[in-house]
Amino acid sequence: MKAKLVVIILIINCTAALSLWGFFRASISLGEWRRDIKTRNNLAAQAARGDKAAGIHLDKGILGDRKKFESALESLKEKYRKITAADSLVYLKIPEAEFLKSFISYFFLLNNAGGDEVVLDDEIVNKFRNQGILLYSMDKRYPFMKKSIYLEPRHKTRNKPEVRVGTNVIIIFFESLSKFFLRDDVYGIKGLTPNIKDMQQHSYSFSNMYNAAFPTVKGLIAALGSSSYLLDENIGGTRIRIPCRFLFLSSILKSLDYTTTHIQAGSERFIGMKTFFTEREGYDNFYGSESLALKNIGHLAEGFGVDDTALFNYVVDWLEDYSSNKPFLLTVSTINMHPPFKITDRNPDAGDNDLLNSLYSTDKAFGRFWSYFKKSKLRNNTLVIVTADHAMGNNKDYIAFANKYRSYFKPFFDLIPCFVYFPGGAWAGKSNDTACLNLDIVPTLLDMMNLDLPNPFIGLPIFSGRQYYERGSGSIFDVKIDLDEKRLEGERKVLGFYFHLYRTDRIIPPDYKVRFN
Amino acid sequence: MFLSDYKTLMMSNRKLAVRAVSLTLILALYFIGWHYTSLVFNGSYSVIDVSAQFMARVFWYLSLSVIISSLICAVLMILKKRIMRKIFIGAVMILFSGSEIIRIFDWGALYFGGNHIDGNFWAHAFYADGLVYLVTKQALVLYAAAGLFFGAIYFILKQLSSLTNHEGRL
């Protein structure tokens, strides 16, 4: 009897499920049909207007008309992107499976991933070499260590801006500032970044720089240590410290009697940043939101840390109070453009778009520093670099905003600004369009200072070598899961190689001392 | 004769059949609704853009709902002791709550972070500032939806339990 009843329930359930499936199928078909009708009507309307450009029917008339051709090309690109992009399917993955996969890989697999030492074979080493990364050239145990910042000394050039050793250095990392956000000529909202643009006008620009890493901690390691760090996911919260040491710009400049300070709007505790900077990378001072909040309790709002207004006020105060005769390295990291976005000022043209208003707020906060700097004596003996920690991530506000500008929508890895103000405003308005990564910032700065030393850098001086090693955009360590077996094996090997280096602290030798060539 | 047996049995267990179907449909709505709302509110794509994959997912969830619902009914019919039935319903609700919690966080991760729960999520998960997402308007709506589904499933399970407990009906 019970078995019969179970069969009945099963049949009824199946019938109900089939009905529901039919309902979904019918709704989808109806939607597709309506879309087809709409598309057909649009095409008919365009044909009636004699405007075929929005379609994909390229004829000789369109080829002769630059505007129509560009429009048709854009339409083609859009269709192609929709066909090839896999990101839409992210919403159809099963959440429980994603949760379990990430949980297991985060808490178990990554912890054990760096178990055995991996020695890369010649094929992979040559592949790295072709990308401008020299391995096993000095010390087999520290594969990244090499004798010089130049792979080929003959590539060293004198045709570059030069910076005197002893010049103060300020590097400002804007949170998630993809270069697209400065392209008001594309998105049409003027006046969102007047201060950053003013700084750009007074500066030398590296106009073709991409970020090599995401998120912030990896971005800072890439920019300040010219290195990659792939174990970021494994240093969750404040629990696990970054297990290895990189050669940061701070350690190099400290050997030249600089004082080194980092100020950020985010927390000092998050992923053990303060400990990492002060104990591992030789920073003298580190101020995060905990330090800044003491002065700015009112600025502790929703989201990470204090806002950028409090940050740049703190930076200006710090600069005003700096009384040492030693030159300084000051690195600054903003926060406003980190979701959920901090907004302290609103631009009427940005409407209620939180992302754009946070950009405007960041710029306004930066303006406090920039106007102070331009009037202070520092402008004649300080180099200022403005860049981003990484490109904007794939959050809903960015999607909503950049949706209209598909060819510029590049979440996570994209062009980032890199403006360098030289003391006295030298080189203002000049630019360099060599394809480069933020990994190249430190080697380039050392090149401009005419300093050379044994190092584990992955980056190269932009003026003296980068142009020979094109890497293109995006992370060079972007490991794809869906590879064929042979490539997957190669990727696994490289990943294992990296993980083992980090876990066993083998980026630079423990007794490494900065000694210039 | 053979079919009339089934017909009689079905007629005398109409309420049970209706509850079983309700359970199937609510489960299906719960599973499919997550992806549908995720696409509508989070994605730059519409459901039509991914219709083939969406329908494949719908089929998978409908099958899953049929299996889960039928299994629950079967187990409730087999279990005789009241305490065992309670334990079974408790276990089902715990599993369902687990799924709800995961789906709340994953929906939020997609909405606020543009990606599923991943290493980056775990890196922020135990950090106080990340907790701001738990009190956003979107989070409150998710809690309410999860509460509704929880209530509905619990209500149906209780009814199924009392209906299958009726010796006379079997």
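A few points about this structure:
- Per the listing A:E302, A:E320, A:E279, A:E290, the residue uniquely modelled with pLDDT of 90 or more and among the acidic types (D, E) is A:E320.
- Check on B:H166, of a type outside the set (S, T, Y) and modelled with pLDDT under 80: yes
- Top-ranked residue of the range A:123-136 - restricted to ones that are surrounded by fewer than 16 Cβ atoms within 10 Å (Cβ to Cβ) and more than 25 Å from the chain's Cα centre (by Cα), ranked as farthest from A:D511 (Cα to Cα): A:E123
- Just one of the listed residues (B:S46, B:S63, B:S22) is among the small types (G, A, S) and not in a helix (DSSP H, G or I), and it is B:S46.
- Of all residues in the range A:349-397, those that are of a type in the set (A, V, I, L, M, F, W, C) and within 14 Å of chain B (Cβ to nearest Cβ) total 3.
- Cβ-Cβ under 7 Å pairs, at least 6 apart or on other chains, the range B:140-162 side on the phi < 0 side of the Ramachandran plot, far side surrounded by fewer than 19 Cβ atoms within 10 Å (Cβ to Cβ) and of a type in the set (S, T, N, Q): B:F150/B:S97; B:I156/B:S22
- A single entry from A:H202, A:H155 fulfils the requirement of being in contact with a Gly (Cβ under 8 Å, 6 or more places away or on another chain), at pLDDT 95 or above and not charged (D, E, K, R): A:H202.
- Any hit, the range A:318-337, residues being among the acidic types (D, E) and assigned to a loop (DSSP other than H, G, I, E, B): no
Let's see how each residue does on (1) facing chain A (nearest Cβ under 9 Å); (2) at pLDDT 95 or above; (3) buried (at least 19 other Cβ atoms within 10 Å of the Cβ); (4) within 22 Å of B:A144 (Cα to Cα):
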{"position": "B:F41", "(1), (2), (3), (4)": "yes, no, no, yes"}
{"position": "B:A56", "(1), (2), (3), (4)": "yes, no, no, no"}
{"position": "B:M77", "(1), (2), (3), (4)": "yes, no, yes, no"}
{"position": "B:I83", "(1), (2), (3), (4)": "no, no, no, no"}
{"position": "B:I94", "(1), (2), (3), (4)": "no, yes, no, yes"}
{"position": "B:E100", "(1), (2), (3), (4)": "no, yes, yes, yes"}
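- Annotation: of all residues in the range A:164-192 being modelled with pLDDT of 95 or more and β-branched (V, I, T), the one that is nearest to the chain's Cα centre (by Cα) is A:I172.
- Flag for B:I117 being modelled with pLDDT of 75 or more, at the interface with chain A (Cβ under 7 Å from one of its Cβ atoms) and within 20 Å of the chain's Cα centre (by Cα): yes
Conditions tested, residue by residue: (1) hydrophobic (A, V, I, L, M, F, W, C); (2) in contact with a Lys or Arg (Cβ under 9 Å, 6 or more places away or on another chain); (3) within 22 Å of A:G393 (Cβ to Cβ).
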{"position": "A:P194", "(1), (2), (3)": "no, yes, no"}
{"position": "A:D198", "(1), (2), (3)": "no, yes, no"}
{"position": "A:H202", "(1), (2), (3)": "no, yes, no"}
{"position": "A:F206", "(1), (2), (3)": "yes, no, no"}
{"position": "A:A212", "(1), (2), (3)": "yes, yes, yes"}
{"position": "A:L224", "(1), (2), (3)": "yes, no, yes"}
{"position": "A:S228", "(1), (2), (3)": "no, yes, yes"}
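- Residue match in the range B:23-32 (condition: out of contact with any strand residue (DSSP E or B) (no Cβ under 9 Å at 6 or more places or on another chain) and over 29 Å from A:E32 (Cα atoms)): yes
- Within the range A:448-471, the set of residues being in contact with a helix residue (DSSP H, G or I) (Cβ under 6 Å, 6 or more places away or on another chain), of a type in the set (A, V, I, L, M) and farther than 20 Å from A:R245 by Cβ comprises A:L460, A:I462.
- Listed by first and then second residue, the pairs linking a residue in the range A:129-151 that is outside any loop (DSSP other than H, G, I, E, B) to a residue that is among the aliphatic types (A, V, I, L, M) and crowded, with 19+ Cβ neighbours inside 10 Å, with Cβ atoms under 7 Å apart and 6 or more places separating them unless they lie on different chains, are A:K146/A:L134.
The values are calculated or read from the model by the stated rules, or taken from the named source; none is laboratory data. This is a predicted model, so every value here is computed, not measured. Quick reminder, even Gly has a Cβ in these numbers, built from the backbone with ideal geometry, and neighbours come from all protein chains shown.
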